[in-house]
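J.: Would you mind keeping the following structure in view while I ask a few things?
The values are calculated or read from the model by the stated rules, or taken from the named source; none is laboratory data. In this text, all values refer to a predicted model and were calculated from it rather than measured experimentally. For the accessible areas, the whole protein counts, side chains as well, though only heavy atoms, and no ligand, DNA or RNA atoms are used. Shrake-Rupley method; radii C 1.70, N 1.55, O 1.52, S 1.80 Å.
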Amino acid sequence: MKTGTIFLLVVFITLGMEMVCSQRASRGSRRSGVCPEVPKGVSGICAEMCAGDGSCPRGMKCCSNGCGHVCQYAVFRKRGKDDSVETLLDG
């Protein structure tokens, strides 16, 4: 009986920690800029190295690498003289 109670307590603590971490990561998760485009035919490591922009260092976004997600520097778009043409600037 005691083993079952301890197991249940560990499960609830683990679930609670997962919820706190996921809420913390989603807070302020949208940062300015966009993720760099992944070239066709390229796939990065299939690991989730971040969970939203809030889990990355300042100036970086959580971006797809073709398979998983990693922190990458944001790319900013600036309108050129012709409104239909966009120039990409590294941020």
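J.: What figure in square angstrom, to the nearest 10, would you give for the accessible area of Ile45 with a 1.4 Å probe?
T.: For Ile45, the solvent-accessible surface is approximately 100 Å².
J.: Could you sort Arg31, Arg77, Arg58 by their accessible area in this structure, using a 1.4 Å probe and putting the largest first?
T.: Details: Arg31 70, Arg77 130, Arg58 225 Å².
Output order, biggest surface exposure first: Arg58, Arg77, Arg31.
J.: So how do Cys63, Cys46 rank on accessible area, 1.4 Å probe, biggest first, that is with the largest at the start? All intermediate terms of the calculation are to be shown ahead of the outcome.
T.: On the way: Cys63 0, Cys46 105 Å².
Result of the area sort, largest leading: Cys46, Cys63.
J.: Can you pull the accessible area of Ser43 for me, 1.4 Å probe, Å² to the nearest 10?
T.: 80
J.: Also: Ignoring ligands, DNA and RNA, how do Glu37, Glu18 rank by accessible area with a 1.4 Å probe, largest first? Numbers along the way, then the final one.
T.: On the way: Glu37 155, Glu18 120 Å².
The ranking, largest first, comes out as Glu37, Glu18.
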